[in-house]
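Got a structure for you, questions after.
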Amino acid sequence: MPEIWMPQAIKADLGDHAPCDPAFPPKAIAHITADRNATTAAPQDLVPFARLQNFFTHGGRGTAPHILWDPFTGAFAQFFPATSRSKALEDAPGGTRTNRAGEVVLQIEALFFPHCRADGRVCARLTDTPCKGWSELNTWVRSWGVPDTWPMGRPTDFVSARSPGVWSSRGGWYAHAHVPENNHVDPGSWPAFVQEQLGEPGRVTR
């Protein structure tokens with residue numbers, strides 16, 4: 001049985017658990033926090049992980065994901081168990097139940113915005129960060145039956161492409177930009193899946 005709480009994550013249980021819908025295949029949703037507007041000419045400092053964790057446990061609890069991930073340090077915080085829906089997607093009444101449409105719908109918020117600065121380094125894309133902790137995160141999501149595939153394509157830019165039919169019928173990873181009823185265009189990029197090889201530790205290719 002996979003772990004409902006990611007072992008590497010700080011457990012910050014918000015309560016208010018609710019089931020997902022096993023009539024749909026398992027999914028993971030990739031988001032970025034996008035909490036500041038920066039540019040190439042005017043980068044801004046990354047918001048501290050603790051501040052975002054506090055946001056999702058207080059004023060932002062109504063939009064909290066399952067996992068907050070810091071790709072610069074490998075830190076994680078988890079707000080809902082894997083078996084519950086989270087609340088990071090727009091979910092219109094009578095619509096496709098976006099937060100629930102899967103055996104699991106694991107939502108990941110990467111602590112990132114374009115042209116953020118951390119430890120003196122400016123990163124334009126999430127894949128420019130060290131992506132620390134991605135191997136553990138990918139492994140945990142996979143343990144819940146989410147296949148290592150992007151039914152709508154791995155995100156490479158901030159462009160939306162949505163298909164309710166694909167969303168309803170295919171499991172795997174979806175960008176926020178791929179989810180019906182939503183108008184966000186994140187995450188813009190995402191690390192490649194960890195390659196598993198028999199007898200060897202996983203490795204990440206970007």
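One residue is enough: does the range 8-21 have a residue meeting the conditions modelled with pLDDT of 95 or more, open to solvent by less than 40 Å² (accessible area, probe 1.4 Å), among the β-branched types (Val, Ile, Thr) and part of a strand (DSSP E or B)?
So in the range 8-21, the residues modelled with pLDDT of 95 or more come out as 8-21.
With the extra rule that they be open to solvent by less than 40 Å² (accessible area, probe 1.4 Å), the set shrinks to 9, 12, 14-15, 18, 20.
Checking the rest, the ones that are also among the β-branched types (Val, Ile, Thr) come to none.
No, that holds for no residue.
Can you pull out every residue in the range 70-87 that is touching a helix residue (DSSP H, G or I) at 6+ places or on another chain (Cβ under 6 Å) and in contact (Cβ under 8 Å) with a residue 60 or more places away in the chain?
Those that are touching a helix residue (DSSP H, G or I) at 6+ places or on another chain (Cβ under 6 Å) and in contact (Cβ under 8 Å) with a residue 60 or more places away in the chain: Asp70, Ala75, Ala77, Phe79.
Can you find even one residue in the range 22-37 that is farther than 30 Å from Gly172 by Cα and either at pLDDT 95 or above or not charged (D, E, K, R) (or both)?
No, the conditions are met nowhere in the range 22-37.
Only residues that are under 16 Å from Glu136 (Cα atoms) and either open to solvent by 30 Å² or more (accessible area, probe 1.4 Å) or aromatic (Phe, Trp, Tyr) (or both): list them for the range 31-74, please.
Selection gives Trp69, Phe72, Thr73.
Another question about this same structure. Check off (1) surrounded by fewer than 18 Cβ atoms within 10 Å (Cβ to Cβ); (2) more than 21 Å from Asn183 (Cα to Cα) for Pro93 and give me the number that stays unchecked.
Unmet for Pro93, out of (1) surrounded by fewer than 18 Cβ atoms within 10 Å (Cβ to Cβ); (2) more than 21 Å from Asn183 (Cα to Cα): (2).
Follow-up question, since we're still on this one. Can you tell me which residue within the range 105-145, out of those that are among the charged types (D, E, K, R) and out of contact with any His (no Cβ under 8 Å at 6 or more places or on another chain), is most open to solvent (accessible area, probe 1.4 Å)? First the steps, then the outcome.
So the first thing to find is which residues in the range 105-145 are among the charged types (D, E, K, R), and the list is 109, 117, 119, 121, 125, 128, 132, 136, 142.
Of the ones still in play, those that are also out of contact with any His (no Cβ under 8 Å at 6 or more places or on another chain) are 117, 119, 121, 125, 128, 132, 136, 142.
Values: Arg117: 83, Asp119: 158, Arg121: 114, Arg125: 93, Asp128: 59, Lys132: 104, Glu136: 80, Arg142: 51 Å².
The residue in question is Asp119.
In the list Pro147, Pro164, Pro151, which residue meets the criterion of being touching a helix residue (DSSP H, G or I) at 6+ places or on another chain (Cβ under 9 Å), over 23 Å from Thr40 (Cβ atoms) and not hydrophobic (A, V, I, L, M, F, W, C)?
It is Pro151.
Suppose we filter the range 22-65 for residues that are over 25 Å from Ala124 (Cα atoms), in contact (Cβ under 8 Å) with a residue 24 or more places away in the chain and part of a loop (DSSP other than H, G, I, E, B); how many remain?
So the count comes out to 4.
Then there is this: Counting just the residues of the range 150-189 that are in contact (Cβ under 8 Å) with a residue 60 or more places away in the chain, open to solvent by 40 Å² or more (accessible area, probe 1.4 Å) and among the polar types (S, T, N, Q), which one comes out nearest to Ala30 (Cα to Cα)?
This residue is Asn183.
The values are calculated or read from the model by the stated rules, or taken from the named source; none is laboratory data. No experiment lies behind these values; they were computed from the predicted model shown. Reconstructed Cβ throughout: ideal geometry from the backbone, glycine too, with neighbour counts over all protein chains shown. With ligands, DNA and RNA removed, areas are computed over all heavy atoms of the protein, side chains included. Shrake-Rupley method; radii C 1.70, N 1.55, O 1.52, S 1.80 Å.
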